Structures are given as C-alpha cells and as structure tokens.
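Below is one structure, written out as structure tokens; comments come after it.
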Number of protein chains: 4
Amino acid sequence: MHKITLLIHCKDQPGIIASVTNFMALNNGNIVYIDQHVDREQNIFFMRLECEFNSSAFSIESFKELFKNALVDKFNLKWRMYLADRKPRMALFVSKYDHCLYDILGRYNSGELNLEIPFILSNHNDLEPIAKSFKIPFFHVPVAKATKQKAEFKQLELLESHKVDFIVLARYMQIVSNLLIDKFPNKIINIHHSFLPAFVGAKPYHSAYKRGVKIIGATSHYITEELDAGPIIEQDVAHVSHSYSIKDLIAKGRDLEKIVLSNAIKLHANRKVMVFNNKTVIFS
Amino acid sequence: MHKITLLIHCKDQPGIIASVTNFMALNNGNIVYIDQHVDREQNIFFMRLECEFNSSAFSIESFKELFKNALVDKFNLKWRMYLADRKPRMALFVSKYDHCLYDILGRYNSGELNLEIPFILSNHNDLEPIAKSFKIPFFHVPVAKATKQKAEFKQLELLESHKVDFIVLARYMQIVSNLLIDKFPNKIINIHHSFLPAFVGAKPYHSAYKRGVKIIGATSHYITEELDAGPIIEQDVAHVSHSYSIKDLIAKGRDLEKIVLSNAIKLHANRKVMVFNNKTVIFS
Amino acid sequence: MHKITLLIHCKDQPGIIASVTNFMALNNGNIVYIDQHVDREQNIFFMRLECEFNSSAFSIESFKELFKNALVDKFNLKWRMYLADRKPRMALFVSKYDHCLYDILGRYNSGELNLEIPFILSNHNDLEPIAKSFKIPFFHVPVAKATKQKAEFKQLELLESHKVDFIVLARYMQIVSNLLIDKFPNKIINIHHSFLPAFVGAKPYHSAYKRGVKIIGATSHYITEELDAGPIIEQDVAHVSHSYSIKDLIAKGRDLEKIVLSNAIKLHANRKVMVFNNKTVIFS
Amino acid sequence: MHKITLLIHCKDQPGIIASVTNFMALNNGNIVYIDQHVDREQNIFFMRLECEFNSSAFSIESFKELFKNALVDKFNLKWRMYLADRKPRMALFVSKYDHCLYDILGRYNSGELNLEIPFILSNHNDLEPIAKSFKIPFFHVPVAKATKQKAEFKQLELLESHKVDFIVLARYMQIVSNLLIDKFPNKIINIHHSFLPAFVGAKPYHSAYKRGVKIIGATSHYITEELDAGPIIEQDVAHVSHSYSIKDLIAKGRDLEKIVLSNAIKLHANRKVMVFNNKTVIFS
C-alpha cells in the first residue's frame, strides 16, 4: 500500500474540495484524512489530504503528472505531494547549548520523530561528544567574520551532498545568511527564546527581566531575511514571578525552548505546515 | 443563500468523503468547511461539513430527502443536518450560584452565543432578579423529595412548550432523572467542578483540598444515567498551592467553571460535538 | 482583635527581618504572615507582614508612630501600614464594553472582592442599566477633545468626594492624563488586551492576527505616563490557531481580559502588590 | 561565609517567628529568606528560613545544639537544618524508558541541578550506555519474583555505601517495598503518568483514552505504602483531543513526565518541600 500527503492552496473558489476528492476516488484512492482552511481576509483556500492506494503498481511520479493535468491549471493550484514513507532529512545546527540537542536526539532515538538526521553541524566542537554518543556524524564548521562566506559554502556543500530537506537551528548562535535562506525557503526552523513579537533580537531573557513580565515564552519560526520576523510555527509560555533572577528565567526558558522546538520539528516533518504571506496554517 | 451543517458517522469504509462531497457538488452546493476523524480502535468514521447553496428555492426538507436516498442506506450513515440560520434553543437550569449564569448571560447579551434562551428555570427563586435584569422569562419550580416527579413533569412541559433543543445545568444542584435524560440524550450539558474522573460526586473542592493536589479543574459533560460519567465536552485546569484554603479553591474554581461551561455551550450550539460510545469528537 | 498589613522596602541590609519581627513581638503582636523578597540586581529588600493585636485599645495611629520612631529612620524604610478591616474604595471607569464590568460586579456581589465600589463612571451611558441593576451609583462624564480637561476635573472631584483609593479602567477607552496619574500613582489599574510588551497601543488583536501568533494574551498593569509601559501586575494567555478570525481573537481575548483584570484587582485590594522601578513584587 | 536552611513545623502559636528570627540575629546570622505557612484546618505552623553567617568559625553542629536548647523544646518544634553547600546525593532508579533519564542527566550536566548522582540503578541493562556516556556508575540489579527480596537488600546496600540522601524513580517499573520506604520516608520521588488521583495504577494513558478526557497530566509524589497515594509534590497537564491515539497520548505525556519529575527533584534538592499528614507545603 502507498500513502500520499497532498498540500494545496489557491484562490478560494467553489468546487475545489469536490474536484480533488473526486479525482482521488476515480484513481482508486481512499482518502484517510482531509482538512481545509479558508483565509477570509485574503480569500485563500488551503487543504491537506492523505490518500491511500492499494495498487502495487502505484507510482508517485505518474500520479503527480495525472494530478497536474487534471486539476492544477484548472484551479491555479500551488501544491506539494509527498510519499508518506519517504522520511524527510533534517540537518541540525548547534553551537554550545545542549538542552535542545539532547531533547531532539532523545526523541529521535525513541522513534518519536518521523525523520532522518544525516548530520549535526556546529561552529564549535563542544557538542561533538553528544553527537558521537548518538552515533550521528558531526561536522565542525567554525565561523569567523573573515571566513563567514567560506563557512557558508561549506555548509551548503554538506547540505547538498547529504540531500538535506530542512534545517533546524537548535540554539545555533549565528545569523544565517540569505545564501542559505534562499536555498531553503520556509525550511529553516529556528527557536527564539521569547514570546515573539515581544523581545526580538539578542538577550530576550534580560529584556523580559527588565520589563518585569509575569510570563515568558518561546517561539519556533521559519527563518526569513528579517530577524525574528518569519512565520510562527509554535509558541508556548510559562508563568514566572518577581522572584526569578535572569538565571532562573534562562533555566525555566530552556524547558520551553526544547518542547516548542521539538513540536515545530514534528509538525514540519509530518508535512502539517503551510506558509502563506508570512503566516502559517497548521493542520491537525 | 442557505448554509447547512451536516454531521455523519458510520463504519469506516473507502469512498465516503468522495461520495458526500460529490453529492454536494452535484446539487450545486459549495463546501466551505470539511473535517473528519477516524476512530481506529472502533473503526468509526466521523465527518462534519458545511455547505452553501445559492438557490433561493433551496428547501432543507427536500435536500434531506435527496441525501437520504442517495447516501444514507448505501453507507449506513447516522446523520444530522441543520440549517445554519436556525438558532438552537437552550433552557438554563440554575439553583443559587450566580457566577455561571452571569457569564452566560453576559455573553448572550453581547451576541457571542449563537442561540436563543427561551427561559431560565430554578428550584429556588434567588436568581430571579438576574433573569429579570436580562429580560429573560424565569420559572420557579421547587423540588422536594415528595414533589420531585411532579416537578419533573412541570419541567418537561415547559421544555416542550418552549421548543427547547438542549438544556444547560449552570450549577443546578439537583440530580436530573432519567425522565429528562431519555428525552434529551446528549443534550443536557452539566458543569462539574473537578477534573473528571478525579473527584466524582459531591464536594470535589473538599476532596481536592484533602488530597493536596497542585492543580484543580472543571469538566463540562453530557448528563447520562451514571453520575459524572457522561461524555466529556471540555475541561480546563488552574494551578493552586498549599496556601489555598477550601474557600480559595472554590473561588478559583468559579473562574474555571464559567469559562469551561461557556465553551461547551458554544461547541454544542455550533454543532461541533458528536458523541459515540460515551466519548466526544469535537470539530474545530 | 485588630489586624494590620505592613509593606516595606529599603536598601538590603542585615537585621531588618529580626528587627521588625522583634518590634511586633515587643508590642504584643502575633505575626500571622511574613514574606520577603530581595532584588539582588538593585539590592533592595521588600517585605509584607500581617500582624494581629488582641488589645481592644489598639490604635493604628499610635502604632504607626511607634513603628516610625523605632525603625523607619534606622533602616531608611519606605513603608505603608493598613488596618485589614478597612476595605479600599475602588472607582470603576468603563466605556461601552461590558464583559469586564459584569465579571467584576458578579464577583463583588458574591463577596469575593474585599473592597467597596462607591461609583462607576463612563464617558458613555450605555452601561448605566448594568450599574443600576447592581445598585451602584453611575456617573456619565462625556469626554470630547474640547472638554477633556473639564471632564478630568469632574472626575477628580468625584474621586475625592467619594474618598476613592484606587481606580480600575475596565476597558475604559480614553487615555488618562497626567492630572489623574499624578494624584493616583500606581493606583490606576488598566487591562491591556495583549501580552505586553507585544502589541502596545491600539488594536492589538488586529496586530496579533497580522503577525500570526499562536498565543494571545492580556496584561493588567498600573498606568504611567508612557502608554502601556507601566508596572505589570498580572498576565495570562490562551492558545489560538490560524483558524481564528480577528473576531474570534477578540471573543477569546475577552475571557482573558476579565480574569486577568479581576485577579489584578484582588491583588491590589489585598495589598499584595509593591512597585519599585517600574516593576512589581507580588506577594502570595 | 556559611549559609543554612532551616525547616520547622509545630502547633501554631504566637511568637514563633519573632523568637526564631531573634535567635538568628543574636547569633550574628543574617536572614536572607523567610517564608511561612499556617494550615488553619490542622492548626500547624510551617516555616522555611535561610540564614547567612560570616564567621569562619561557624560550625553547623554547635549551631544545631544552640538552636535545640533555645527553641526546640519551648515550641515543641519538628525541625531540619542543612548547610547550603552540602549537596544532597540522589540515586536514580530506571527501567527501560529513557526520556526522564535524558532530561535529568542533561540538566545535571549543565549545572542546573544542585545535587550529586552517585549512581544509576536499573532492573534491566538497556540504559547502561546512557549512564556511561554521562560517566555515572551504573548498577544492574535484576528483579524477579523469587529474587525480589535479595534485590532489595542489594539496593539498600548500594544506597548506604554511597551515602544516598534520596531516591528518584525515573519511570522505574517495579513496586518499591516497605523495606526501602521505611528507610527513606518522604525521600523516594516517583513520577506517575496521570493527573492523580485520576487513573491510579497501571496503564493510565489507556484509561484516559477510554474515558475521553480532554487533558492529560503527570504527577510527581513521594512513595508511601499505598499505591500512587503519597504526598503530591508537583503536577502539570496538557490539552489533548479526540484525535489522539493511545500512542499519541503516551508521546505527549512523556514531555509532561520529564518536566514534572525534574521540577520535583529541584524542589526536593533545594529543601523546599515539607510533608505533613500526606500533603506537601512547597516553599518558593
């Protein structure tokens, strides 16, 4: 049996759902999941659909061709189609903090994550022993002002040679340049340690302390050119009090960061996220 | 324009989604919402669908007939179909506590609730002034051991003469008998002041205090024969500490109770709840 | 029996706790609550203490004098002392939204709030019937550009003649001027409908919608000269999704606003809030 | 400088706070933290206090003696006194699940936990590689029906020879016998994967699924003779929906379990927990 996941969006218009579901039925597909969303402000229709095919002769390439001819032009669809058993490949970028890394690798080990991790990359080598203990290749690519561009070419080369589908910045403490962003649009996931859009930029826990907030947060988002302004995938918060020092805020925040980032990874890896106009639609 | 909401469930089987969406398209309907759920343990398929029809000649009765002939027998469907502009009618049962009542009537007044309130009924008359200030009919139906059955007949009579669709027990402090439950299956919504199934029965805040829990909860559920064991619609919780007296727990709990009950009312009134085997499916 | 609440802050220094507790014991007081906080960044000591005196001859004025002579100069204390049975008097300012008003008055009616409400004031008269149904005096003080200053003098006059201790802006849709702020420093409580410091200013739900956040919030804070930048008393949040329209965000936000504001009122009325350097210390 | 933490409880009575704070002042101590709680139902007074002493000649043994003579008999105090720089020693018991173990060891490594881990013990050897990668001694003590008592003597021997102060059952899948409970009263911390008292016993996620709850929880508590009925230290919850399979509940629950258990460990290790009558007082 083969299972596909289809994501589409287009201008909202009558008949899309019926046409797509009908197309699947005519091609002997059994729809096992369907969900849709209409953005009424922008008049855009979004749909996510999972469909099973029993035929052993099923070919994703031919089926994509069929789908294209039947529906894509008719409705002017933007679309992506995946074979469910093809796991996406995720590169992990880290620096010196290990809490997100441990959390992700623990889940990976226990089979909770539906993805492959071809390698871990860092601008430092502090976390290499952790990579080793989980038996995942580790690349040390130092980044200094003078060598930044060279480092990025090295990164790109590794990403391409390992057929990486998306990148996760697990507290990677370097600004990612447009070179990577353009190659991986809405495919680089960052964890920012504040409740965005509050406390954009560096040292958000210090700013939170200064402002005297009663709740801190963490935000996972796709990287775009503008700092901390990309589409938000997941957010969570925790209550704090006046008795929290900056150090306490940082410790409490670590728990948020790792859970929020891991949730965002799962949503992305399971193809449940669509991006439109710098916002996400998150399917259930 | 007319809009219908359709809820169906049946044994899971291939082709249902395509058949239903196709049927709507053939009848010139435009599907504006579709969501489905498959209970894999019990192999049951659930679907909620909203569909718009432009024809001024649209008749819900004829359309129901068409739907029945085309699909109901074929898939052995259990189904309900509503006209969206027909607001459900909700009777409010209260006793002496007023916090849920104020919350519901405040929302009702502000247009947040998509329903009619034909009357408020109570076994006491303490809350009559509130009903009056909101200009809603109030019936005082005292309940004593000897007169309990007579009171219930009176209740039934009021419910029928006012064409009530569902009942909300907004901290109504009487056990509802099978007479009402049978007439309103999965249509009587209760708010229980604990995180069910913890602390079933009377005085849950006292039990929570005794056990020393760090979180209290509230649960809205449909009334069934077994006490506090009906299908759960909505739950929420709040953190508490050793410093909370029973009185403090009760005060904190009031905030939970009113929000949880109002949310359950909205879900039910918007036809987003399906019940199967004593559990709910809640559509978004 | 008499009970006092004492709030002090000063430069952190050894011996304060022992000196104060000792002073209470020497004066036949029984401490029933003590809590303290040290702000290590600014080296400031905060303390809240409740103490009971059995003597029927106890006079708060004499006791204040005693305390002042014994300790205030020695430790250079900033301090406030209250008789617990003297309820603070709170003026409610509203405009047209009623959800916070209903919530506050419902709690007031049920005895949950330890305060007096001498009057409700509004720049509109839409909510006068609600005030009437709760039997609380209502003053309509319209505010237009030309009459703004006159209106504020009228407000001040009412506040003074009714011996108001603090003001609550329950979705009052006017900027409060420095005239009032100077008379009621850290005594005007506002509810802002966002998770501050995100979305300062007007229409925060519209901004939240545009940014695509996954969580919305509400913040209760003291009014200071700078808009939405005063000391934060209480915050809470709720999860939302892409499926929420602006209208949905507003409806969901109303529940946050009323709970957060009522909690802030309770903290203030129970003298559990201290303000220092634009931040609050909230005692348990 | 030396810092002590003092925990006391006794029948509530006037003058305790003043007497204790005075005693500290007379002995040249500077109180840097004080918090108290009165259980009004049982009339019990609880206090936690931290006090610093500058004298290099300070001896905890002599000071305990002084305290005992001055105050313990007078107020009939139950008390414990610790030197802050003496880290408690925690033994970790595990079976096959690794998520709590990774979480604890990640925090331990990053310096977040104020404790020593002399060893990890398991009835299986699956997790030995993790212990090794963190360079912590690992003991494999198999438990079978016939050998259970022998295993427990082995456990006791290890606990004693390693001077263990408290035990954490990080998803250790064996019932701990009275032999250990008696030796470590309120010193064995368990994580139960439900919101107690709901779903006591085995397979709580299966029970939660069956009941159709909308929220799942995790509870950390001290082990007592009665299963899952010991004093609750910490609880947390997460929202779930009808779409969660049992497997999904288990995955979501893992995040709760690890955070709740780690929080409980921190509270215990920082001597912030007092137990009385099967309930906890948790100081801030």
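Of the strands (runs of 3 or more DSSP E) lying entirely inside the range B:8-85, the ones with 1 or more residues being under 24 Å from residue A:16 (Cβ atoms), within 26 Å of the chain's Cα centre (by Cα) and free of Cβ contacts under 8 Å to residues at least 40 places away in the same chain are found at B:29-39, B:44-53. Within the range C:221-231, is there a residue that is within 8 Å of chain A (Cβ to nearest Cβ) and within 16 Å of residue A:213 (Cα to Cα)? Checking the range C:221-231: at least one residue is within 8 Å of chain A (Cβ to nearest Cβ) and within 16 Å of residue A:213 (Cα to Cα). Filtered by the rule that a residue be surrounded by 20 or more Cβ atoms within 10 Å (Cβ to Cβ) and either more than 10 Å from chain D (Cβ to nearest Cβ) or free of Cβ contacts under 8 Å to residues at least 12 places away in the same chain (or both), the range B:200-215 gives B:204, B:205. Determine, yes or no, whether residue C:249 is in contact with a Cys (Cβ under 6 Å, 6 or more places away or on another chain) and at pLDDT 95 or above. So residue C:249 does not fit the description; no. Figure legend. Inter-residue proximity from the range C:146-171: first residues exposed (fewer than 12 other Cβ atoms within 10 Å of the Cβ), second residues part of a strand (DSSP E or B) and modelled with pLDDT of 95 or more, beta-carbon distance below 8 Å, spacing 6+ or different chains. Indicated pairs: C:163/C:89. When restricted to residues that are touching a Ser or Thr at 6+ places or on another chain (Cβ under 9 Å) and modelled with pLDDT of 95 or more, the range B:119-131 contains 7. Does residue C:110 satisfy the criteria of being touching a strand residue (DSSP E or B) at 6+ places or on another chain (Cβ under 9 Å), farther than 27 Å from residue D:282 by Cα and away from chain D (no Cβ under 12 Å)? So residue C:110 does not fit the description; no. One residue stands out in the range B:34-73 among those that are loosely packed, with under 13 Cβ neighbours inside 10 Å and within 14 Å of chain A (Cβ to nearest Cβ): the one that is modelled with the lowest pLDDT, namely B:55.
Among the candidates C:271, C:254, C:211, the residue that is out of contact with any Gly (no Cβ under 6 Å at 6 or more places or on another chain), under 22 Å from residue B:263 (Cβ atoms), in the same structural domain as residue C:101 (by TED's automatic domain parsing) and not hydrophobic (A, V, I, L, M, F, W, C) is uniquely C:254. Considering the range B:163-199, and only residues there that are within 18 Å of residue B:96 (Cα to Cα) and out of contact with any Leu (no Cβ under 9 Å at 6 or more places or on another chain), the residue that is farthest from the other protein chains (Cβ to nearest Cβ) turns out to be B:174. Among the numbered conditions (1) within 26 Å of residue A:226 (Cβ to Cβ); (2) at pLDDT 95 or above, the only one that residue A:175 does not meet is (2). For the range A:255-284, a tally of residues being more than 10 Å from chain C (Cβ to nearest Cβ), surrounded by fewer than 24 Cβ atoms within 10 Å (Cβ to Cβ) and among the basic types (Lys, Arg) returns 3. For residue A:31, the criteria (1) away from chain B (no Cβ under 14 Å); (2) among the aliphatic types (A, V, I, L, M); (3) over 30 Å from residue D:110 (Cβ atoms) hold in every case but one, which is (1).
The values are calculated or read from the model by the stated rules, or taken from the named source; none is laboratory data. Quantities reported herein were computed from a predicted structural model and do not represent experimental measurements. Positions of Cβ are backbone-derived with ideal geometry, glycine not excepted, and every protein chain shown enters the neighbour counts.
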